[in-house]
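To start, the structure itself, in structure tokens.
The values are calculated or read from the model by the stated rules, or taken from the named source; none is laboratory data. These numbers were taken from a predicted model, which means no experiment stands behind them. Because the Cβ atoms are built from the backbone with ideal geometry, glycine has one as well, and the counts that use them run over all protein chains shown. For accessibility, only protein heavy atoms count, side chains too; no ligands or nucleic acids. Shrake-Rupley method; radii C 1.70, N 1.55, O 1.52, S 1.80 Å.
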Amino acid sequence: MRAYLDRLRRAGGVREITREVSGRHELAAVTQASQQESDAPLLFHKVAGSRFPVMTNVFGSRRRLVEMIGGNDGSFCRRWVEMTRKPAQLPRLVGAPNDLEQIRLTELPQITYFEHDGGPYLTAGVFLAREPGGDIPNLSFHRCQIMSDRELRVRLGRSHHLTQYQAKAEARGEALEAAILLGPPIGLVLAAAAPLAYDESELEIAGKIAGAPLELRRCRTLDLDVPVDTEIVIEGRILPGVRRPEGPFGEFMGYYVPVGDNHVFEVSAVSARRDAIFHSITCGSPEDLRLLEVAVATRTYQALMAASLEGIIDVACVPFTMSTVVKIDQQYEGHARQVLLTALGANHDWNKTVIVVDDDVDINDFDDVWWAYLTRGRADTRAMVLSDVPGFYRDPQRDHWGRLGIDATAPFGRKQEFIRKRIPGADAIDLRTYFGD
Ligand SMILES: Cc1cc2nc3c(=O)[nH]c(=O)nc-3n(C[C@H](O)[C@H](O)[C@H](O)COP(=O)(O)O)c2cc1C
């Protein structure tokens, strides 16, 4: 991730903050203000109380995500599928780098994001763990509340692989070893966010993205190997049969998750490269939403491919994770409705609405998507309501039950009537030559 950030810095694409900021709200406030006007990554050189600089918004742009996996037509999903078919790149074990230092957890930047958050959080930590008795490591994101040098409290969503590993270990009365990676190679972050099958290796996918095998080193206190090119590694164990309060925490939907009893991670070692850069992700920010979109949109695209549906161009989540938009090149009458059926079933959580649009609609712009629904046909017959289907795993009041499918395409065979009007030359106008400076 450092090499990637360096490349962007050299090209002038990083906003650098040299004045000291507080980790309590100020860093998140500056990040949010910057994200409202630019998708550039930020590098905070000085965060009060820590010697480690902080990078954020590294993944906060669709364009950059597509470039990271070597795509050139703007479609992340299509390129992702091509990339996963490349020959395997098996990771290989090498020695530990000699600039590795052992530090205390609280030497890291302590960042509190939202007003009512229960304290400082690690939000960009990628968990690396192995199934008890298994040999393929899994990677996934899990936020952690920092309690002390020795203890983190972790949120494990119901369906995740790490949750299943932990349950297996717990049933045997054992702790689950895990390493938390902060600032690993960029391909590894994308692999951690992406929906991979239970027995697929995210480390191999990260190697395919890099075009070279990942280099791993042994952990100091665990029977696990971690990528050498990782800024900071926190080693430890998720304790069996122990749950302690975690939260509140300002989450991606824009509200607070209240305090709940969650898993306890006992820290056994923390190592950092000498000049390590800490990665922070503001939950619900474009950086968080782009990574969640990788998971939801890619899974939907793969389901549409598996159903052999033709004419699928791209999938996005706009305005955010709970709304999937599929762009198609209509092939026959009713095509969009068949796409809707498959896409609505592709994710058991997350896609509360699915909207299908034609190939001339910008699926990354919700105004354009909604305009298509409003202008290309009836409101009633193009909306499909599916009642009583659960929609999000943490939903005790059933607020997220039910799904809505919308066919926002133009009627099949009437393309000529729906050609978008345009003013010749408008795209090439340079206003400065008309208005002056
Ligand atoms: C930035 C980010 C933060 C996340 N935080 C959490 C979290 O705190 N708890 C959780 O259960 N899932 C969280 N997720 C979702 C999972 O980590 C993600 O869906 C992952 O793909 C699951 O991996 P798995 O399919 O190997 O189980 C987060 C995802 C992202 C992108």
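Worth pointing out:
- Separation of the alpha carbons by more than 30 angstrom is noted, of 168/327; 208/352; 327/421, for 168/327; 208/352.
- For the stretch 270-381, the share of accessible area belonging to carbon and sulfur comes to 52 percent (1.4 Å probe, ligands and nucleic acids excluded).
- Computed over the stretch 69-108, Kirkwood Rh from alpha-carbon pairs, angstrom: 14.4 Å
- For residue 196, nonlocal amide neighbours, meaning residues 5 or more places apart or on other chains whose placed amide H falls under 5 Å from its own, do not occur.
- Other residues with beta-carbon under 12 Å from the beta-carbon of residue 25 carry, at +1 per Lys or Arg and -1 per Asp or Glu, a net charge of -2.
- Semi-axes of the equivalent ellipsoid for the stretch 96-242, Cα gyration tensor, largest first, Å: 22, 20, 16
- When you restrict to C-alpha pairs under 8 Å that are six or more residues apart and normalise by the size of the stretch 1-141, the relative contact order lands at 20 percent.
- Solvent exposure, largest accessible area first (probe 1.4 Å, DNA, RNA and ligands not counted), of 387, 201: 387, 201
- GNM flexibility winner over the chain from 407, 223, 288 (Cα, springs under 10 Å): 223
- Burial order of peptide ranges 54-61, 154-161 (average beta-carbon count within 10 Å, highest first): 54-61, 154-161
- Partner aspartates and glutamates for residue 415 [C-alpha distance under 12 Å; skip if fewer than 8 residues away on the same chain]: 329, 358, 359, 360
- For the stretch 361-437 and the stretch 256-295, distance of Cα centres in Å: 33 Å
- Dimensions in Å of the stretch 80-167 - Rg and Dmax from alpha carbons: 16.8, 47
- Sequence ranges 135-146, 389-400, ranked by mean other-Cβ count within 10 angstrom, highest first: 135-146, 389-400
- Dimensions (Å) - the stretch 337-392, Cα atoms, principal axes, largest first: 30, 24, 18
- Label-point separation in nm, residue 88 to residue 268, each point 7 Å along Cα→Cβ: 2.7 nm
- Note: relative contact order over the stretch 325-368, using C-alpha pairs below 8 Å and six or more positions apart, is 53 percent.
- Hz values of 3J(HN,Hα) by residue in the stretch 344-354 - Karplus curve (6.51, -1.76, 1.60), Gly and Pro given as x: 5, x, 6, 10, 6, 10, 5, 8, 6, 10, 10
- Compared with the dominant Cα axis of the chain, that is its longest principal axis, helix 26-37 is turned about 20°.
- The alpha-carbon atoms of the chain, seen along their principal axes, cover 67, 61, 46 angstrom, with the largest extent given first.
- For the stretch 289-437, the solvent-accessible area works out to 54 Å² per residue, with a probe of 1.4 Å and every protein chain left in place.
- Kirkwood hydrodynamic radius over Cα pairs of the stretch 110-150, then Stokes diffusion coefficient at 10 °C and 1.306 mPa s, in µm²/s: 132 µm²/s
- By average C-beta atoms within 10 angstrom, highest first, the peptides 171-177, 375-381, 324-330: 324-330, 171-177, 375-381
- HN-Hα J in Hz across the stretch 145-162 - Karplus 6.51, -1.76, 1.60, θ = phi - 60°, x for Gly and Pro: 8, 7, 9, 6, 4, 9, 9, 10, 10, 10, 9, 10, x, 3, 8, 6, 5, 4
- 5 angstrom amide H check on residue 17, placed H, neighbours 5+ away: 43, 44, 45
- Value of Rg/Rh across the stretch 321-437 [Cα atoms, Kirkwood radius]: 1.11
- The stretch 167-209 and the stretch 39-75: distance between their alpha carbon centers, rounded to Å: 21 Å
- Cα convex hull of the stretch 288-383, projected area averaged across orientations, nm²: 5.7 nm²
- Against the compact-protein benchmark of 2.2 N^0.38 Å, the Cα-based radius of gyration of the stretch 1-64 scales to 1.08.
- For the stretch 52-126: rounded, prolate or oblate by the Cα gyration tensor [a/c cutoff 1.5]: oblate
- Applied to the stretch 290-306, the Karplus parametrisation 6.51 cos²θ - 1.76 cosθ + 1.60 on θ = phi - 60° returns per-residue 3J(HN,Hα) values of 5, 6, 5, 5, 3, 5, 6, 5, 5, 4, 5, 4, 5, 5, 5, 5, 5 Hz, with x for Gly and Pro.
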